[in-house]
Amino acid sequence: MASKSQGGTHPAAHTNAARSEMPKLRRPAREVFSEMYDRKGLDADWLGGKVFSLVYPTGRSDIDDVLIEANNAYLFENALNPLRFPSVSRMQREVVNMVSSLVNAPDGSGAGFTAGGTESILMSVLVSRERAKVERGIERGNIVLPISAHPAFAKAAFYLGLEVRTTSLTTEFTADVGAVRDAVDKSTTLVVGSAYGYPHGVVDPIEELSTLALSKSIPFHSDTCIGSFVLPFLERLGHDVPPFDFRLPGVTQMSCDIHKYGYSTKGASTIVYRDSAWLRHQVFDYDAWPSGRYRTSSLAGARAASPIAAAWAVMTYLGEAGYTELMGELMEITQAIRSGIEAIEGMEILGTPPGPLLSFTSTTNDIFAIGDVMDERGWHLNRVDGPPGLHMMISPLHGAHVAAFLDDLAGAVAVHGASRDGGVSYN
Ligand SMILES: *Cc1c(COP(=O)(O)O)cnc(C)c1O
């Protein structure tokens, strides 16, 4: 059967069924590492350009060196207490300020550093829930999500006791504004749009959605976990980019991942609010224990400092010029892949993705069966459904593998094409 499994399904919690115990005796480090690297040999070959999600490699050793040195320089520090490690809090402040200006946050805005998009979104949903409680007296609220919104919003609602209302998409896979309007009511604490979304890489009508939310005095989250480091640079390259950020008056908060197209190593994201006063709803402040005041402004207690250092270093190293140049190269690679896919009979890109993320289907073949052949050839493509498709997040490293990818894709279609009658139709 064709596989539809996605990334992100590996549990971080394990049952104790297959018991492993700590070794009784010490072992030499070289033995430990030889076992580690043996096991690592079974992992997906992202360095070989065959993985299209999870890792976003630039393929540039100068950038990798910057990331490695920054991580190593702060491997042991703890970002929990900003007074102990002022260099960490200074880098953190500069990172969130750099990200805020990238998405045109106005004067008076505020932002927090988090470990990832999921934590940024959790904070955003928390802040809007608390604001709804304080400002509008809402005890049990709901959040309105186009079904293409990232699962992090539903996860936040699960953690925070909110109802989730999902709404349908248009035939272009963007949020249907009318459906959102119907779903919103007086208990809605947050409306969400993606710029752009994970499943198809298309930008929701952020202007209309945020205007709708503003007219009802409801916060609006523009989820730019991917787009925040893509769309601003597409604009600088002269591409036609629909409005998606704080330049729209109804956008109240945005999530911006640095560990996707900011090319930082994992554990770096930012949540930005139009009004810094709202940040206080993120803060947990406690002193009823014998160890003094304990104050945090995101989920973690002890917190890795290395992602902050890596984010600061890579953003400072590349600068706007470096990101813009990389984006130019990346869009050429994306265009080559797009044209190659579209040149295969029956293949179609789903919707109108503006950046380096796309999903494609086939009107003549079973696309999941093609995906399975690609799996056998070592390529890792996620699946989308409704209609079925294959999903790619393209990174600069893929540039060296475009021809091999397209050859294998054409080959997979040849294997599966003639033998199948009828593909999927979705119109
Ligand atoms: C990746 C992603 C998220 C979640 O971010 P994590 O860093 O994986 O927690 C949220 N929204 C969108 C659009 C994403 O692509």
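Under a model in which nothing but the beta-carbon of Lys, Arg (+1) and Asp, Glu (-1) is charged, the stretch 303-427 shows a dipole of about 360 debye around its Cα centre.
The residues neighbouring residue 326, those whose beta-carbon lies less than 12 Å from its own, together hold a net charge of -3 under the Lys/Arg +1, Asp/Glu -1 convention. Across the stretch 88-94, rounded Karplus estimates of 3J(HN,Hα) from the backbone phi angles (6.51 cos²θ - 1.76 cosθ + 1.60, θ = phi - 60°) give 6, 5, 5, 4, 4, 4, 5 Hz, Gly and Pro being marked x.
Computed from backbone phi, the HN-Hα couplings of the stretch 73-82 come to 5, 10, 5, 9, 6, 10, 7, 4, 10, x Hz, rounded to whole numbers (Karplus: 6.51 cos²θ - 1.76 cosθ + 1.60, θ = phi - 60°; Gly and Pro given as x). Only Cα pairs under 8 Å and 6+ residues apart enter the sum, and on that basis the relative contact order of the stretch 220-368 stands at 19 percent. Here the average projected area of the convex hull drawn through the C-alpha atoms of the chain stands at 24.0 nm². Our note on the geometry: Cα centres of the stretch 296-340 and the stretch 69-88, 20 Å apart.
Nearest 5 is fine: what % of DSSP beta bridges in the chain come out antiparallel, could you say? Expressed as a percentage, antiparallel bridges in the chain total about 60. With the simple model of a label 7 Å out from the Cα in the direction of the Cβ, residue 385 to residue 415 spans 2.4 nm. With Cα atoms as the point set, the radius of gyration and Dmax of the stretch 214-286 evaluate to 14.1, 49 Å.
Taking amide H positions as modeled 1.01 Å from N, with prolines and chain starts lacking one, the residues under 5 Å from residue 166 and 5 or more places away or on another chain are 145. In this simple spin-label model, placing a label point 7 Å from the Cα along the Cα-to-Cβ direction at both residue 36 and residue 55 gives a separation of 1.5 nm. 3J(HN,Hα) couplings calculated from phi for the stretch 246-256 with the Karplus curve 6.51 cos²θ - 1.76 cosθ + 1.60 (θ = phi - 60°) are, in sequence order, 5, 5, 8, x, x, 6, 9, 8, 9, 9, 9 Hz; Gly and Pro show x. In the chain, helices alone account for a calculated mean residue ellipticity at 222 nm of -12000 deg cm²/dmol, with every DSSP H run of four or more residues adding -39,500 (n - 2.57).
Once all protein chains are placed together, residue 329 keeps about 80 Å² accessible to a 1.4 angstrom probe.
Extension gain for the segment residue 140 to residue 240, taken as residue separation times 0.36 nm less the Cα-Cα distance, is 32.0 nm to one decimal.
How much of the DSSP bridge set in the stretch 68-315 is antiparallel, in percent, rounded to the nearest 5? Antiparallel: roughly 50 percent of the beta bridges in the stretch 68-315. If you take the Cα centroid of the stretch 231-264 and the Cα centroid of the stretch 351-423, the two points sit 27 Å apart.
Heavy-atom accessible area with a 1.4 Å probe sorts 260, 155, 40, 186, largest first, into 186, 40, 155, 260.
Counting only DSSP beta bridges with both residues in the stretch 73-201, the antiparallel share comes to about 10 percent. Shown are 221, 281, 380, whose ranking by accessible area with a 1.4 Å probe and every protein chain present, most to least, is 380, 281, 221. Computed about the Cα centre, the dipole magnitude for the chain is approximately 1780 debye when only Lys and Arg (+1) and Asp and Glu (-1) carry charge, each at its Cβ. Can you give the log10 of the normalised intensity I(q)/I(0) at q = 0.13, 0.30 Å⁻¹, computed with Debye over equal Cα scatterers of the stretch 252-311? Summing over Cα pairs of the stretch 252-311 leads to -0.47, -1.17. Contact order, relative form, for the stretch 51-193: 19 percent (alpha carbon pairs under 8 Å, 6 or more residues apart, mean separation divided by residue count).
Computed over the stretch 68-315, relative contact order equals 29 percent, with contacts defined as Cα pairs under 8 Å that lie 6+ residues apart. When a 1.4 Å probe is rolled over the protein heavy atoms, the share of accessible surface on the stretch 68-315 that falls to carbon and sulfur comes to 54 percent. For residue 270, the residues whose amide H sits under 5 Å from its own are 114, 256, 257, 258, ignoring neighbours fewer than 5 places away on the same chain, with H placed 1.01 Å from N.
Positive-end ranking of 292, 198, 218 along the dipole of the chain, with charges on Cβ about the Cα centre, is headed by 292. Here the translational diffusion coefficient of the stretch 68-315 follows from Stokes-Einstein with Rh set to the Kirkwood radius across Cα pairs; for 10 °C and 1.306 mPa s it amounts to 87 µm²/s. With a/c under 1.5 counting as rounded, go ahead and sort the stretch 23-115 into rounded, prolate or oblate using the C-alpha gyration tensor (a ≥ b ≥ c being the square roots of the eigenvalues; past the cut-off, prolate if a/b is larger than b/c, else oblate). Here the stretch 23-115 falls in the oblate category. Shape analysis of the stretch 183-254 places it in the prolate category; the axes a ≥ b ≥ c from the Cα gyration tensor give an a/c of at least 1.5, with a/b above b/c. The trypsin sites (Lys or Arg not before Pro) of the stretch 44-87 that meet both conditions, a loop assignment by DSSP and at most 13 other Cβ atoms within 10 Å of the site Cβ, are 84.
The values are calculated or read from the model by the stated rules, or taken from the named source; none is laboratory data. What you see is a predicted model; the values in this text were computed from it and never measured. A quick note on method: Cβ atoms are made from the backbone with ideal geometry, for glycine too, and the neighbour counts reach across all protein chains shown. The accessibility values were calculated without ligands, DNA or RNA, using every heavy atom of the protein model including side chains. Shrake-Rupley method; radii C 1.70, N 1.55, O 1.52, S 1.80 Å.
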